[in-house]
Amino acid sequence: MENRLCVFDERGVECDDGWFELIDGLAHAAEDEIECLAQRCVPRDQWPRVIQIKQKFGMLRFRLWGPRSAALKALILMIEEESWRTCEGCGHSSGLAARENWPVCVRCRMVLESKYRRSARLSREAHAESHEKLTVMLAQRSE
């Protein structure tokens, strides 16, 4: 059974630090809305809950469960759009160079590409090493 009183699902925040200011603004807006609901004695199980914060198709996705005001819905849409113009890695909003459908600045793109190249090289090396070990093991078995 789903725990609707849980603040986050088990994945938490699934994006880089560059969007912190955007997420922080949305979190404060959600808190303000919850405070208004609390003052009106709305039961806790009817308050909006953040269920997911992630990057999808190059944009921030801020998902809530439960009712929310039109103003909060509009703010979420506006911030999600703003994320497309903000580097997910560092938060800069100029000099973006989209990489595989997500916005990153030139510096962060270079860092990411370096990580991917290093990861691919290590993966190839690990595969070659594993293949060599398997070949030796099979040769020893056939003796």
Taking 0.36 nm per residue of separation between residue 21 and residue 84 and subtracting their Cα-Cα distance, the length gained on full extension comes to 21.3 nm
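Show me the chymotrypsin sites (Phe, Trp or Tyr not before Pro) within the range 45-92 that DSSP assigns to loop and that have at most 13 other Cβ atoms within 10 Å of their Cβ. Kindly include the intermediate steps, with their values, before the conclusion.
Working: sites: 57, 62, 65, 84; in loops: 57, 84.
Loop-located and lightly packed - 57.
Given a 1.4 Å probe and heavy atoms of the protein chains only, how would you sort 41, 105, largest accessible area at the top?
Ranked list, largest accessible area first: 41, 105.
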Which residues qualify? For residue 90, with a placed amide H closer than 5 Å and at least 5 residues away or on another chain, they are 18, 105
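Considering only protein heavy atoms and a 1.4 Å probe, what is the carbon-and-sulfur percentage of the accessible area of the range 8-85?
Details: 2640 of 4710 Å².
Carbon-and-sulfur percentage of accessible area, whole number: 56.
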Over the range 11-69, give the accessible area per residue in Å² for a 1.4 Å probe, as an integer.
58
Around residue 64, which amide H atoms from residues at least 5 apart in sequence, or from another chain, sit under 5 Å from its own amide H, with H modelled in the peptide plane?
51
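The values are calculated or read from the model by the stated rules, or taken from the named source; none is laboratory data. Since this is a predicted model, take the numbers as computed values, not measurements. Ideal geometry is used to build each Cβ from the backbone, glycine not excepted, and the neighbour counts take in all protein chains shown. These area figures cover heavy atoms from the full protein model, side chains too; ligands, DNA and RNA do not enter into them. Shrake-Rupley method; radii C 1.70, N 1.55, O 1.52, S 1.80 Å.
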